[in-house]
Amino acid sequence: MNRTITMLLVLMLMSHDASAQDTTNVESTTTEENIALIAIAGIVIPFAIIGTVVSAIPPSISIVMIDGVQYGAFAIESGFGIGEKRETAIFSDWRIGLSYTFVVNSNVRNLFRTELKRDFHFNYVDRRKIFLSGLHISAGLLTDFPKRGFTFGTGVWLKSPWIGYFGFIPEHTYGLTYRYNRYFNGKEFHEISVGMTSAFTF
């Protein structure tokens with residue numbers, strides 16, 4: 001009987017000591033920790049949203065030449081591509097580009113284009129084989145509402161890949177593009193742009 005009571009007392013003391021040493025509390029956080037988490041979320045989330053938007057509809061700057069006068073312009077271009085896996089990821093061979101150009105201080109302010117692009121790939125330019133260089137030719141339709149016309153273009157570029165398991169991140173193209181534009185009524189103009197485009201390539 002005395003042995004049983006002694007064992008019970010020892011077990012009670014051991015369990016009390018063990019609970020006294022357990023200081024883990026996963027439910028509570030300090031005020032400073034909460035403020036830090038909110039501040040980090042307030043910085044990271046907007047940058048993530050901005051980065052996603054810029055990735056999907058990336059900007060370019062352009063010079064538009066109409067009637068011998070040069071105008072500055074801003075452009076965005078995104079679209080879809082068809083390609084094949086080239087060692088590290090998927091690069092487009094064909095692209096359908098949807099673009100918008102805002103022309104500054106011109107009677108023609110808004111240009112919308114739909115283009116079909118054919119990409120010609122060169123060898124990789126870096127040893128890691130992440131970036132691919134090449135050129136493209138393109139043809140398509142344009143409108144500034146109400147006038148309509150057609151466009152032909154060519155350009156040189158450097159591509160970073162569409163990596164499928166990244167989800168929303170498209171293939172990005174960095175380069176220089178020239179376009180010859182002509183309205184169906186006969187008036188023509190030219191555009192040179194430098195910057196970034198994107199394509200969701202499959």
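The values are calculated or read from the model by the stated rules, or taken from the named source; none is laboratory data. Everything numeric here is computed off the predicted structure, so don't read it as measured data. Virtual Cβ from ideal backbone geometry, glycine too; neighbours counted across all protein chains shown.
Annotations
- Residues that are surrounded by 15 or more Cβ atoms within 10 Å (Cβ to Cβ), acidic (D, E) and either modelled with pLDDT under 90 or within 19 Å of T143 (Cβ to Cβ) (or both), drawn from the stretch 70-98: E77
- Residues considered: F102, F120. Of these, the only one that is touching a Lys or Arg at 6+ places or on another chain (Cβ under 8 Å), modelled with pLDDT of 90 or more and hydrophobic (A, V, I, L, M, F, W, C) is F102.
- On the stretch given as the stretch 99-122, residues that are among the hydrophobic types (A, V, I, L, M, F, W, C) and surrounded by fewer than 16 Cβ atoms within 10 Å (Cβ to Cβ) total 6.
- Selection status of I40, of a type in the set (A, V, I, L, M), under 26 Å from the mean Cα position of the chain (by Cα), modelled with pLDDT under 80 and part of a helix (DSSP H, G or I): no
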